[in-house]
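Participant: Sharing a structure here in structure tokens format.
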Amino acid sequence: MQLHIDTARLSAIRAFATAACCPHCSDWMVAPVMSEFVEDGEIRHHWKCDACGQPSRTSIPLTTH
């Protein structure tokens, strides 16, 4: 039996569970305010920075084309 590792999926999983830096002040944002599944196969996280209060959004593709 062989172990097959899909690196694209692993990086998507890591991106899904990783904190983000605020694009406005570069402070760490640990948890999104809201997350949503988008029909085209991606997860969108909506953030609000605790340091500067600015909103931002990140997207993570779940499928590779």
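Participant: All but one of (1) more than 15 Å from the chain's Cα centre (by Cα); (2) modelled with pLDDT under 90 hold for Arg14; state the number of the condition that does not hold.
Facilitator: Answer for Arg14: the failing condition is (1).
Participant: List the residue pairs whose Cβ atoms are under 9 Å apart, where the first residue sits in the range 25-54 and is among the polar types (S, T, N, Q), the second is part of a strand (DSSP E or B), and the two are 6 or more positions apart or on different chains.
Facilitator: Once the first residue is among the polar types (S, T, N, Q) and sits in the range 25-54, its partners that are part of a strand (DSSP E or B) give Ser35/Ile43; Ser35/Arg44; Ser35/His45; Ser35/His46; Gln54/Trp47; Gln54/Lys48.
Participant: Phe37 fails exactly one of the following numbered conditions: (1) assigned to a strand (DSSP E or B); (2) open to solvent by less than 70 Å² (accessible area, probe 1.4 Å); (3) not β-branched (Val, Ile, Thr). What is the number of that condition?
Facilitator: The failed condition is (2).
The values are calculated or read from the model by the stated rules, or taken from the named source; none is laboratory data. Note that the coordinates shown come from a computational prediction; the quantities given were computed from them, not determined experimentally. Here the Cβ is made from the backbone with ideal geometry for all residues, glycine too, and neighbour counts use every protein chain on show. For accessibility, only protein heavy atoms count, side chains too; no ligands or nucleic acids. Shrake-Rupley method; radii C 1.70, N 1.55, O 1.52, S 1.80 Å.
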